[in-house]
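The values are calculated or read from the model by the stated rules, or taken from the named source; none is laboratory data. As the structure is a prediction and not an experimental result, all values here were calculated from the model. FYI the Cβ positions are ideal-geometry reconstructions off the backbone, even for glycines, and counts take in every protein chain you see.
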Amino acid sequence: MHIAIIGAGISGLMTALELVEQGCSVTIFDQQQAAKAASWAGGGILSPMYPWRYDSAVNALAKHAKPLYQAWNEKLAPQTGIDFQIHETGMLILDEDDFEVGLNYAKQHHEPMQQAEYLQQEQLEQVNPHIHSKYQHGIYFPQIANVRNPRVLQSITTYLKQHPKVQFHEHCPIQKLNIQNNKISSITDDFDQKHFADEYVLATGAWSKHWAEQLNLEIPVAPIQGQMLLFKTPENWLPTMCMNKVMYLIPRNDGHIVCGSSMRNVGFNITPNEAVKHNILDACFDMVPELANFPIVHEWAGLRPSSPNGIPYIGKMPELNNLWANFGHFRNGLCMGAASARLLRQLMLNQTTIEDAKPYSPQHLTQMDFAY
Ligand SMILES: Cc1cc2nc3c(=O)[nH]c(=O)nc-3n(C[C@H](O)[C@H](O)[C@H](O)COP(=O)(O)OP(=O)(O)OC[C@H]3O[C@@H](n4cnc5c(N)ncnc54)[C@H](O)[C@@H]3O)c2cc1C
């Protein structure tokens, strides 16, 4: 079977990986360089930030993140020489309003946090000596990890590019889905070139609404900008991820610390904004004042593919026999990415699925309402 995948972010690349490992041939298209959109820009926390605030459908996929990334890293690293750097720092949450609900949630749901602890000030200081002394207590999830997402993408891309059953078309925007007899017969790129496959996958992240008119479907996915800052501290300086008021610090093991993030509805604009930068800085220095002693080495913004309740669309698109979806992961596309791709592969190849696929079904997408 030959599959065309439109979009080379985490959703498209991991889908390609899953399908290739089952013996399929895959052609991947991206309008820009592969692996440089939201999936590069994200933080790589391998759990929804406050799992109790999310729909169970989000947590059902997120809970597979760590073991699936570990398994893929073990398989790919010897061949690509690139380590995903899965960093099990644990996560400290300082929002007092979330303490009780968070601990209760963790008692009822072992995943995705695995373990939860309430920390008094003294224990808090032991777990992370850089937290501002005004914080008297916190909740701690010692097993939440983060992954170095740019390296994950680099490793998968390197693996796929040397694979005999994979073709890449970068800087090749797909404009049109050509439909004949309830099937996609081909896709047309911006240069008027047609490409043919047996099955087609839309993994187009924040750009997914582009298909709405052609498919006569409402596609409620829109770009929501998130901005990030990168600090450089000494190796292993900050021992845990820290979170307060939806702002976070994510330490990598070489001393880089990713800080974010904002939520702005500014279309497809990815220019970092000075006022937003200062909000992020205020929130981060409030948690870890000593961070102000270290340099900011990079800043950027990316576009999350928002969707109702943050639940992605995974599965067969309505009406057409060979068009599939894997988009709309909003704030959790990195932690859901590996399981989303596995689920889609299992649906495409008629295999038993890792989770019940119903909550993600694109069959829920409704027909466009034409105003006459
Ligand atoms: C600041 C920030 C922080 C985040 N932090 C986290 C986190 O800690 N944990 C987490 O789980 N998630 C996080 N996310 C969310 C996560 O990054 C996204 O949900 C995820 O990357 C979406 O992946 P994707 O592959 O669907 O989209 P993308 O990575 O955006 O990939 C879509 C690709 O499709 C291509 N494309 C679109 N249209 C076309 C077309 N017509 N033709 C060809 N190519 C096309 C685009 O060029 C792009 O490369 C964060 C996001 C941001 C912005």
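A few points about this structure:
- Residue in region 26-42 that is closer than 19 Å to Gly310 by Cβ, outside any helix (DSSP H, G or I), touching a His at 6+ places or on another chain (Cβ under 9 Å) and within 10 Å of the ligand (Cβ to nearest atom) present: no
- Condition met for Lys176 (within 11 Å of the ligand (Cβ to nearest atom), closer than 21 Å to Met336 by Cα and assigned by TED's automatic domain parsing to the domain that holds Ile314): no
- Residue count, region 198-236 (criterion: assigned to a strand (DSSP E or B) and touching a Lys or Arg at 6+ places or on another chain (Cβ under 6 Å)): 3
- Given (1) in a loop (DSSP other than H, G, I, E, B); (2) within 14 Å of the ligand (Cβ to nearest atom); (3) crowded, with 18+ Cβ neighbours inside 10 Å, index of the condition Asn269 fails: (3)
Quick grid of which residues meet (1) within 23 Å of Pro129 (Cα to Cα); (2) among the small types (Gly, Ala, Ser); (3) exposed (fewer than 14 other Cβ atoms within 10 Å of the Cβ):
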| residue | (1), (2), (3) |
| --- | --- |
| Gly205 | no, yes, no |
| Lys209 | no, no, no |
| Val221 | no, no, no |
| Met241 | yes, no, no |
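- Wholly within region 284-372, strands (runs of 3 or more DSSP E) carrying at least 3 residues that are hydrophobic (A, V, I, L, M, F, W, C): 296-306, 323-327
- Put simply, of Tyr105, Tyr69 the only residue that is away from the ligand (no atom under 16 Å from the Cβ) and within 19 Å of Met336 (Cβ to Cβ) is Tyr105.
Condition check ((1) within 15 Å of the ligand (Cβ to nearest atom); (2) on the phi > 0 side of the Ramachandran plot) across all residues:
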residue	(1), (2)
Ala292	no, no
Asn309	yes, yes
Tyr313	yes, no
Glu319	no, yes
Trp324	yes, no
Phe327	yes, no
Arg331	yes, no
Arg342	yes, no
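- Unmet criterion (only one of (1) within 16 Å of Ala38 (Cα to Cα); (2) touching a Leu at 6+ places or on another chain (Cβ under 6 Å); (3) more than 10 Å from the ligand (Cβ to nearest atom)) for Ile184: (1)
- Condition met for Gln70 (assigned to a loop (DSSP other than H, G, I, E, B) and surrounded by fewer than 24 Cβ atoms within 10 Å (Cβ to Cβ)): no
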